[in-house]
Amino acid sequence: MNVLWDADEPLSVREVQDALDADGSGRDLAYTTVMTVLDRLGAKHMVDRERDGRAFRYTPSQTRESAAAELIDAALDASGDRTSALVHFARSVDPAEAAALRRALDEM
Amino acid sequence: MTPFLLGLIGIALSLPVPALLGRADWPYRSPAAGIVMWQSLALAAILATSGAGLSTALWLVSEDDPQPWRVALHVLLLLVGVLIWARFWWAVWTVWRRTGARRRRQRHLVDLLAEPEGDVSDRVGPALRVLQHESPVAYCLPDRTKSRVVVTSGAIEHLSADELRAVLEHERAHVSARHDLVLEGFEFLRAAYPRVLRTDAPLEQSRVMVELLADDAARRVAGDRALAGAIVALAGSQTPAGTLGVGSAATIRMARLRDPRSGWWAAGLAWAISVVVLVVPTVFLAGPWIFHAIDVLRG
């Protein structure tokens with residue numbers, strides 16, 4: 001996924017495989033392995049694919065930044081409806097309450 | 001009489017009783033017993049409502065001298081019972097699917113975006129993911145097998161080592177005790193009731209109580225002071241996305257950390273309420289009615 005995010009253009013399976021092999025970790029991934037992973041990412045709507053001749057070329061369906069923003073937005077959403085998916089450590093509070101909490105901590 | 005008494009109990013346990021208890025703060029003194037109390041109230045309400053529906057149906061088919069107004073009342077009662085049942089199972093289906101889909105999506109995103117951090121995680125359990133983002137946020141995505149605890153790099157910066165340990169322990173407690181299932185149960189129930197018969201008290205109070213339970217786990221590992229520091233650091237450092245009144249979970253949790261006496265009388269009261277609401281209607285109404293029903297059905 002990081003390879004796709006770092007690339008400026010849609011990549012083919014072969015190109016992704018080359019990039020993964022070239023990252024210096026000494027991995028030698030099979031073409032079919034890379035293809036399977038890309039296929040799964042497609043099923044999870046993380047990548048889009050387009051036909052290019054006989055092969056598919058893959059692009060991330062959202063940028064790294066927008067994916068991070070989606071996660072953080074969901075986490076910060078205080079509406080209570082969407083949050084059932086997450087269990088928070090502490091929700092944000094308004095400034096007056098935050099000040100009261102700080103005072104309480106100082107007294108401990 | 002049984003249908004109406006059960007119906008009344010069902011309505012009382014659905015709305016006025018929880019609304020009244022929701023205003024009390026003694027249940028927070030004993031969160032585990034408090035959660036049991038809310039669950040018993042919910043179960044008793046469901047049982048009473050179902051009992052009302054069943055006994056109404058029996059009355060309708062077995063009454064020798066049905067006057068129109070009594071029939072109308074019974075049909076109404078039956079309809080409310082059936083409606084709540086249908087809505088309950090519909091809610092179970094939709095809420096379950098929706099949360100599941102959302103959690104999966106979140107987990108895929110988290111796994112792609114965040115590198116697994118071996119050095120911060122110090123033991124086996126839910127996988128820890130550190131998200132590169134300046135907002136200090138910590139949460140967990142509970143699941144049967146693929147749980148994730150997520151903290152942002154911003155959160156790690158805001159917290160001392162002890163505070164971070166408290167946060168992680170707190171989230172692990174949520175995951176391992178499956179607090180999400182407890183809350184989901186109350187969400188199903190809330191969705192089952194029509195708006196006029198609904199109260200948010202059980203869900204709201206239980207939300208805070210699972211936090212208190214997870215706090216207890218965190219305190220044992222990291223200590224009161226570290227946990228309090230973590231609550232203040234994470235609750236007080238963000239711009240709120242919505243307005244939350246004073247009296248939110250953070251304040252209750254802080255108050256409990258400063259005065260952590262265990263409320264044995266609160267636990268006792270909560271257990272007593274649980275037993276009363278479950279046993280009394282069963283013994284005095286449902287039991288005799290079942291014998292009556294057997295007699296009637298045998299002819």
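Readers should treat all values here as calculations from the given coordinates under stated rules, not as data from a laboratory. A quick note: this is a predicted structure, and the numbers were derived from the prediction, not measured. Note: ideal-geometry Cβ built from the backbone for every residue, glycine included; neighbour counts use all protein chains shown.
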To the nearest 500 deg cm²/dmol, what mean residue ellipticity at 222 nm is calculated for chain B from DSSP H runs of n ≥ 4 alone, each contributing -39,500 (n - 2.57), summed and divided by the residues? -23500 deg cm²/dmol
Give, in nm to one decimal, the length gained when the segment between B:D200 and B:L79 is fully stretched (0.36 nm per residue of separation minus the Cα-Cα distance). 41.2 nm
Residue (of A:M35, B:G22, A:Q62) at the positive-pole extreme of the protein assembly as shown, dipole from beta-carbon charges: B:G22
Calculate, for A:V37 and B:S176, the FRET efficiency according to 1/(1 + (r/R0)^6) with r their C-beta to C-beta distance and R0 30 Å; round to the nearest 0.05. 0.50
Among beta bridges assigned by DSSP with both residues in chain B, the antiparallel ones amount in percent, to the nearest 5, to 55
Give me the one-decimal nm value for the distance between modelled label points at A:R64 and B:D111, 7 Å along each residue's Cα-to-Cβ direction. 2.0
Theoretical FRET efficiency, 1/(1+(r/R0)^6), r = Cβ-Cβ of B:R98 and B:A32, R0 25 Å, to 0.05: 0.30
B:D259 to B:A19: extension gain in nm, 0.36 nm per residue of separation minus the Cα-Cα distance? 83.8 nm
FRET E, pair B:R87, A:D21, Förster distance 51 Å, beta-carbon r, rounded to 0.05: 0.40
Whole-angstrom gap from region B:177-228 to region B:1-52, using each part's C-alpha centre: 17
Charges only on Cβ, +1 for Lys and Arg, -1 for Asp and Glu: so what's the dipole of chain B about the Cα centre, in debye to the nearest 20? 320
Name the shape class, rounded, prolate or oblate, that the alpha-carbon gyration tensor gives for the protein assembly as shown, where a ≥ b ≥ c are the square roots of its eigenvalues, rounded holds for a/c under 1.5, and otherwise prolate holds if a/b is larger than b/c and oblate otherwise. oblate
Run the numbers on region B:2-298 and let me know its relative contact order in percent, using alpha-carbon pairs under 8 Å that are six or more apart. 26
